[in-house]
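Everything on this sheet refers to the single structure shown next.
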Amino acid sequence: MTLLVLATLALAAGVLAIVTADSRPAVSLVVGLIGALGVMALALVMPPEESLRIGGVGLVTTPLVRAMAVAWAAGLAVLALLEVAVGGRLTVVGPSLVGLAVAAVALATRDPASSMAALAAGGVAGVVVPGLSGWLDRADSPSRLPTTSRGSLAILGSGLLGMVVIAWGASAAGPFGAGAISVEPGGQFGLGLGLLGMVAAVAIRCGLIPLHVWAARFMEGVSPLAIPAAFAWGSAVFVLVALDWSQVALGPTAAGDIERLLIVALALTSIVLGGLAAMVHDDIEHVLGYSILQDAGVAVLAFASLEPQVVAAARNWLVASATVKTALAAWAAVVRTTYGGHRLADLGGWARRSPVLGLAFAGILVAAIALPGFSMWDARVTLIEGAIPGVGFALAIVAAAMPAIYLGRIGFAGIAPVTSAVAAGPSGRPRWSGGRATGWSDGSMGSAIRAVPAELRANRAALAAAGVVALAAMALATAVGGAGG
Amino acid sequence: MSPALVAVVIVVCAGAVVAVSTRDWGAAAIGLAVALVASALLSDPLPSVAILGVRVVAGILVAAILRAALQGGPRQPSPLGWPAEALLATAGAVAGLGLAVGLAALAAAAGGPIGAPNLPGPRNPGDVVVGGDVTVTAMALVVAAGTALLALGAAPLVHGEAGGRRAIGLVLVTQAVLLLRVGIGGPAVELEEIARAALLVVSGATGAVIARAAAVARAGEDAEVRASDGRPLRV
């Protein structure tokens, strides 16, 4: 029941926020913020195990659903405030709330076809709303519209492909044909084909290399704050639903030698090339995008074995990495807004100018690397070792080193000498702007209260940095403790 | 009942052919509405009134959204013409029937209940006997309608210019997959029916929004071209 209330609140608030974003931005912001806080509160009081039956299907709340809802809603509340600080059109909270509502129901539903249809329907908002806003804001970039179109088709297409695979699974030719799971050679071929079909749907949805062009182009044209809903959280939930179906319908025997090879090749391509691309690119949005892609590649390795402990590790990995990348996206948006630049050459000394942002980035860096002993580290090792036994641990170290390098570059830029662009930006240190008149302490409470908005505007950079610190703390917490997968 | 289902399949295909081949967006919306509403009736027995209502409302809503968005937009007629589109739909339907017959044979070999070609045994009263021993079930007709819509919608979706034709292709492909899901995998539960209706509406809305934006962008480009002639710019 709590889940139903949560989903209804998130969906209603999300739709209202989207509809009023242009005409009444203040209303949109308030509705989005209240919706996010309400969802977080409901997620916190949600019982760890709750079930109900709706429309002939059981909905079961699990610790994973709860953890996802809490982390996403908490991050969304902070992102809502950061969106005010960053400025521009409101494109983050509304679509994210819709996505969260759909994701919560999809993860709890015991019917994979319903989940896949819901995810396809709910995920489109995270692409269309920011994409069209980016197109409207940058009329000199006509390619934004085709990019948004391709992104929408990718979201819908991946969901439709997933539904076709699920339908095959329930058909006479599928593993549940005539009520028996067949592992004869002909049946094994079908199982493998079904597994590859579902992995293809995941690859399209997550934008894995070589299907990443639409995702890369999309991320270039939208606010970094809008990226987590579409790519971090949206992709994570899609992979979770696909994994659940694959584990139940196909089982570990589905991945034969050829299937395992193809899946591992696809995953490693995204892990290695995504990491290299993040290391090579100088602008922080590209680093963010390719790091998300790399995380998705690690998660896809779970399809190569489908063992219960590997799937559990994938759940932890997906929720933790989504939380970490949400924090990184917030950091990127705040840095870009504060200092006007997004290339490392222009951001020298950013951490000197804003120590609070530097502290937040340090937390994000540690969470992204995921030191030994972290739940996220264990998940990464389990995923890689489960797919590539023998060399998995060594590869896991390499995979951990990559964020150390591409995020470390940014960190080193932060402590480098301050560039002119950073020096011209507002200081990240909180200060009292002098809104008080001489002798203010003898003045009325009203005058002190009236000074608050001016002080908030004067300390916008510092407050935004504080928001990023909160997200970094959440990222560290999930990286260390896991998501109850 | 099943001859009626055959008629419904024909109506679905006819509506889709009109939707992709006409020059008039109003007629396209009507054709799409006919195809989607008729698709809602493609089951034997019919679902509950509530589910039927959800399907019909979703179909009509999609058609209305597209009608509103495409009004006044640039025309995008089919490069093939309606006869070729009709043949394409027929070919798709035949392929779907073949797929369904193949699945029925698999089910029969495994001891399933679905009527299969060239196998003796009782037929369901509503099944249509096409010829010889081939029995076409209601599910087979659903698959046939699905593949027909897929054949019609795939080309505009993949190769069409951003605009109304691509939006219609998106809706047809979405409806095709929804029909195939039921025809291949069996009936959907009520929650899935709601999710399916939402997916159809979202597909239509997405196509409509992008088509509208494309029309606005094209109008802006045309205005710039006229301005480059040295005449006063009027938008």
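The values are calculated or read from the model by the stated rules, or taken from the named source; none is laboratory data. Quick caveat: nothing in here was measured; it's all calculated off a predicted structure. Positions of Cβ are generated from backbone atoms using ideal geometry, with glycine treated the same way; all protein chains shown enter the neighbour counts. Side chains are part of the model used for accessible areas, which takes the heavy atoms of the whole protein and leaves out ligands, DNA and RNA. Shrake-Rupley method; radii C 1.70, N 1.55, O 1.52, S 1.80 Å.
Side notes on the structure shown:
- Taking the C-alpha atoms only, the angle from helix A:112-123 to the longest principal axis of chain A is near 30 degrees.
- Remark: spin-label model distance residue A:258-residue A:280 equals 3.2 nm, labels positioned 7 Å along the Cα→Cβ axis.
- Given charges at beta-carbon only (K, R positive; D, E negative), |dipole| of the protein assembly as shown in Debye: 1760
- Computed from Cα positions, the angle between helix A:308-339 and the longest principal axis of chain A comes to roughly 30 degrees.
- The angle separating the long axis of helix A:63-86 from the principal Cα axis of greatest extent in chain A is about 30 degrees.
- Considering only A:16, A:207, A:319, and ranking their Cα positions along the charge dipole of the protein assembly as shown that arises from unit charges at the beta-carbon of Lys, Arg, Asp and Glu, the one farthest toward the positive end is A:16.
- Interface of A with B. Using a 1.4 Å probe and counting protein heavy atoms only, the two chains hide about 2400 Å² of accessible surface, both sides summed.
- Accessible carbon and sulfur surface of chain A relative to its total accessible area, %, 1.4 Å: 68
- Given chain A, longest segment not containing exposed loop trypsin sites (Lys or Arg not before Pro) (DSSP; at most 13 other Cβ within 10 Å): A:139-430
- Take each residue in A:127-135, count the other chain C-beta atoms within 10 Å of its C-beta, and the mean is 2.
- For the stretch A:216-315, with +1 on Lys and Arg beta carbons and -1 on Asp and Glu, the positive-most of A:288, A:305, A:229 along the dipole: A:305
- Charged neighbours of residue A:367, selected by a Cβ distance under 13 Å, balance to +1 (K, R count +1; D, E count -1).
- From most to least packed by mean Cβ count within 10 Å, the peptides A:387-396, A:222-231 give A:222-231, A:387-396.
- Estimated 222 nm signal from helices in chain A, with DSSP H stretches of n ≥ 4 weighted -39500 (n - 2.57), rounded to 500: -23500 deg cm²/dmol
- The residues of the protein assembly as shown expose on average 39 square angstrom of accessible surface per residue, using a 1.4 Å probe on protein heavy atoms.
- Counting only other chain Cβ atoms within 10 Å of each residue's Cβ, the peptide A:115-124 averages 6.
- Shielding value for B:198-204 is 6, the average number of Cβ atoms from other chains within 10 Å of each residue's Cβ.
- Percent of beta bridges antiparallel (DSSP, chain A, rounded to nearest 5): 90
- Placing dummy labels 7 Å off each Cα toward the beta-carbon, the span from residue A:352 to residue A:53 is 6.8 nm.
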